[in-house]
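Take a look at the structure below.
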Amino acid sequence: MGRRLPVYGLDIETDTSVDGLDPSTSAVLTVALSQDGSDEVFTGPEHELLVELDFRLRELEPGVLATWNGAAFDLPFLADRARRCGLRTGLHLRLDPSLRMIHPPLRGHEGAYRANWHQHGHIDAYRLYRSDVGPALRVSCSLKSIARLVGLRPIEVDRTRIHALEAEALHAYASSDARLARVLTERRWSTASRFVDRLVEVA
């Protein structure tokens, strides 16, 4: 069996003082990137944090970005915000109508996406767990619910007031969610590895 690819958990937090669900009006406040042994938080002016995130992903060892509902939210949100900032990043999205949606798609989008970012594939751990754990155990497939189910301890905050969190609390919350996405993916890697998105990077 070959060596397992590195898994990098990724999570974003958006400006809930406007509408944290609409990329046309809400900025990205923080992006957390989790790898085995360390978590990184990108914050500050949106343009700068997106540039720093893209640079960091480009220099990391090729692996897999693990998100929770990132196919429908985090990644298209980041793509929209990068365009609004006039940035060209290594994030590539391909709309996939076969990815079923329970909730309406992100505003301005038609559905969920397959993705890669530079040399990294992508896996939406939410879809991995929803396909069997949720229906089998009849539990919510939210990140926090699944994490608690398997004995992990997520950080909880009021999701409607992300913008009001002190910097330290915001960073801890974002890091926790990115770390949970990574750990949950790693725990089911034998299955997860078969569902990694791999797109051909556009030069």
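Readers should treat all values here as calculations from the given coordinates under stated rules, not as data from a laboratory. The shown structure was predicted, so the numbers you read here are calculated from the model rather than taken from an experiment. All Cβ positions, even for glycine, are placed from backbone atoms using ideal geometry, and neighbour counts span all protein chains on display.
Using only alpha carbons, the chain has a radius of gyration to Kirkwood radius ratio (Rg to Rh) of 0.93. Once the Cα-Cα distance is subtracted from the 0.36 nm per residue extended length, the ARG159 to SER131 segment shows a gain of 7.6 nm.
Relative to the present Cα-Cα distance, how much length would full extension add between ARG83 and THR25 at 0.36 nm per residue of separation?
Values: separation 58, 0.36 × 58 = 20.88 nm, distance 1.30 nm.
So the extension gain works out to 19.6 nm.
Just to be sure I understand: of the beta bridges DSSP finds with both ends in the chain, what percent are antiparallel, rounded to 5? Mind dumping the intermediate values first?
Details: 19 of 26 bridges.
Counting DSSP beta bridges with both partners in the chain, the antiparallel share is about 75 percent.
Here the simple spin-label model places points 7 Å from the Cα toward Cβ, and for GLU61 and ASP36 these points are separated by 0.8 nm. Can you tell me which of ASP96, ASP39, ASP80 moves the most in a GNM of the chain? Springs connect C-alpha atoms under 10 Å apart. Checking each option, the largest mean-square fluctuation is seen for ASP96. Using Cα springs under 10 Å in a Gaussian network model of the chain, which residue among LEU91, LEU165, LEU184 shows the largest mean-square fluctuation? It is LEU165. Proximity of backbone amide H atoms, modeled 1.01 Å from N, is registered between LEU65 and TYR8, GLY121, HIS122, ILE123 at under 5 Å, excluding neighbours fewer than 5 places apart on the same chain. Taking trypsin sites (Lys or Arg not before Pro) across the range 52-123, the ones in a DSSP loop with at most 14 further Cβ atoms lying within 10 angstrom of their Cβ are ARG88, ARG100.
Sorting the segments 115-126, 66-77, 23-34, 41-52 by their residues' average number of neighbouring beta-carbon atoms within 10 angstrom, most packed first, yields 66-77, 115-126, 23-34, 41-52.
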